[in-house]
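Colleague: Dropping the structure in here first, questions after.
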Amino acid sequence: MAGKEKLSASLRPVPANYAEARAEPVLGILTALNPPSGFLRIDQPFWEISLRAAACTSPLEGVLSETPYRRVFWNLVGLRRTLNAVRNWLLVATLLGLLTVPALGQNKKLAPQTCRRNLTLAEFLLPEDANAAKDAFSSFRSALLDGDRKKVVEHVRFPLEVILSGSPLRLKDAQDLLGRYDDIFTPFVVSSVRKQDPERLIAGWDGVSVESGAVRFVLENSAYVVGDIILSPLKPTGDAAEFLSKQLTCPPLILEGKIIAFNWASRMSAFENIYIDHFIVDVTKVLSGTLPEGRIRVDFWGVSHLPEYNLPKDAFAAPQVWRMYLRAADDPPQNSEVCDKDVQETVSFVDEETGREVENQSAIAPLDGASGRTMTYAGLPCFEAKKQYFKQQAE
């Protein structure tokens with residue numbers, strides 16, 4: 001892909017179907033304590049529940065109000081009210097503890113739940129992936145600041161495409177990069193790397209980058225390597241600026257599972273050889289996030305003539321365990337072409353002479369070769385996958 005084409009793709013206009021970016025509301029403790037049964041209602045605060053309980057009057061109040069024992073009685077009633085109030089407060093505190101502990105534990109697992117422009121390593125990646133990214137960055141930074149050019153180049157993925165003086169430049173290998181080293185590792189790049197706190201690296205679907213955007217790492221063959229370098233500060237304008245200002249990143253759903261079926265018709269090259277794989281996954285383990293169902297649908301963009309944009313061939317072999325970072329279909333900005341409800345599940349074959357349909361065959365192919373099994377995407381939660389966060393796991 002030419003460097004100029006890459007630049008234009010990065011600064012593409014806002015699509016017509018672009019959904020307004022929105023941040024998910026941060027739910028407070030009271031929201032977490034609002035079960036569907038309505039036992040505890042948000043419009044009836046806990047302190048109101050307790051006060052109402054403490055204000056209950058005794059049915060004997062009118063009968064004994066004029067007796068000689070009135071003062072003793074009302075002292076006892078007052079004591080009872082106090083004890084009831086204490087009891088109610090203890091009950092509320094108990095409920096608060098029981099109901100919020102799981103919620104807080106869940107929030108810790110998903111933290112933060114709010115979608116933002118940028119997320120840190122700890123907010124987006126699993127600890128092992130975050131540590132691998134920090135190690136790769138620290139090694140790259142040490143080499144860069146020490147002037148060890150050979151070691152710096154070892155951290156770079158090739159071919160590397162950059163924009164130099166407004167024009168695209170493609171560096172096909174380490175020798176090319178060494179020949180233009182001073183042009184690529186500009187004062188802006190070096191300063192950005194020097195100032196970057198590894199704990200505050202930005203993580204997202206495109207990889208891991210320094211906060212200035214000067215250097216971006218991508219996950220390739222289980223290792224983080226430099227996949228993009230911006231030589232000078234960029235300030236997008238127009239449609240690109242609007243798009244970036246609204247684009248948000250949400251914490252991904254991270255799971256392990258087996259692809260048990262896929263849509264073979266979707267793998268047939270369409271216009272520009274671009275297709276979307278639709279496949280069904282049986283989830284074996286949820287590593288981050290929540291997923292009530294055990295079977296999901298996943299969509300993945302592919303370009304038939306560009307292997308780097310396709311899932312590994314093994315993904316559509318016999319069922320095996322894969323680790324996946326998945327983006328929910330309704331994460332902002334929404335993509336109307338992903339998780340389409342009308343995705344084809346059957347393929348019709350027509351007799352050319354008569355024009356009549358002679359066969360209606362399922363487009364969903366089970367990976368284990370079982371026949372007669374009915375599978376469907378209908379009703380399955382749908383997610384979008386990215387290749388660099390799609391990794392085979394050892395059985």
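Colleague: Once Lys and Arg get +1 and Asp and Glu get -1 on their Cβ, which of A378, Q361, N310 lies farthest toward the positive end of the dipole of the range 267-395?
Modeller: N310
Colleague: What are the extents of the Cα atoms of the range 194-305 along their three principal axes, listed from largest to smallest and rounded to whole Å?
Modeller: Cα spread of the range 194-305 along its principal axes, largest to smallest: 46, 37, 29 Å.
Colleague: Name the aspartates and glutamates eligible as straight-distance cross-link partners of K258: C-alpha to C-alpha under 13 Å, and not fewer than 8 places from it in the same chain.
Modeller: Of all the aspartates and glutamates, those that pass the test against K258 - Cα under 13 Å, at least 8 places apart if same chain - are D282, D314, D368, E395.
Colleague: Could you give the dipole magnitude of the range 253-392 about its Cα centre, charging the beta-carbon of Lys and Arg +1 and that of Asp and Glu -1, in debye to the nearest 20?
Modeller: Around 780 debye, computed over the range 253-392.
Colleague: Computed over the Cα atoms, what is the radius of gyration of the range 228-280 divided by 2.2 N^0.38 Å, N being its residue count?
Modeller: 1.83
Colleague: Rounded to the nearest angstrom and ordered from largest down, what semi-axes does the equivalent ellipsoid of the range 253-392 get from its C-alpha gyration tensor (root of 5λ)?
Modeller: With the √(5λ) rule applied to the range 253-392, the semi-axes are 26, 17, 15 Å.
Colleague: Further question on the same structure: Sort 207-213, 220-226, 155-161 by packing, meaning the average of other beta carbons within 10 Å per residue, with the highest value first.
Modeller: Most protected by this proxy first, the peptides run 207-213, 155-161, 220-226.
Colleague: Follow-up. About its Cα centre, what dipole magnitude does the range 180-225 give when the only charges are +1 on Lys and Arg Cβ and -1 on Asp and Glu Cβ, stated in debye to the nearest 20?
Modeller: Approximately 80 debye in magnitude.
Colleague: Give the cross-link partners of K235 among the aspartates and glutamates, using a straight C-alpha distance below 15 Å as the criterion and excluding same-chain residues fewer than 8 apart.
Modeller: Partners within reach: E211.
Colleague: Which pairs in the list K151/K313; K285/K387; K195/K386; K172/K386; K285/K386 are over 28 Å apart, alpha-carbon to alpha-carbon?
Modeller: In this structure, K151/K313; K195/K386 exceed 28 Å between Cα atoms.
Computed from the coordinates by the stated procedures, all read-outs in this text should not be read as laboratory data. All values reported here derive from a predicted model rather than from experimental measurement. Heads up, the Cβs are rebuilt from the backbone with ideal geometry, glycines too, and the neighbour counts pull from every protein chain shown.
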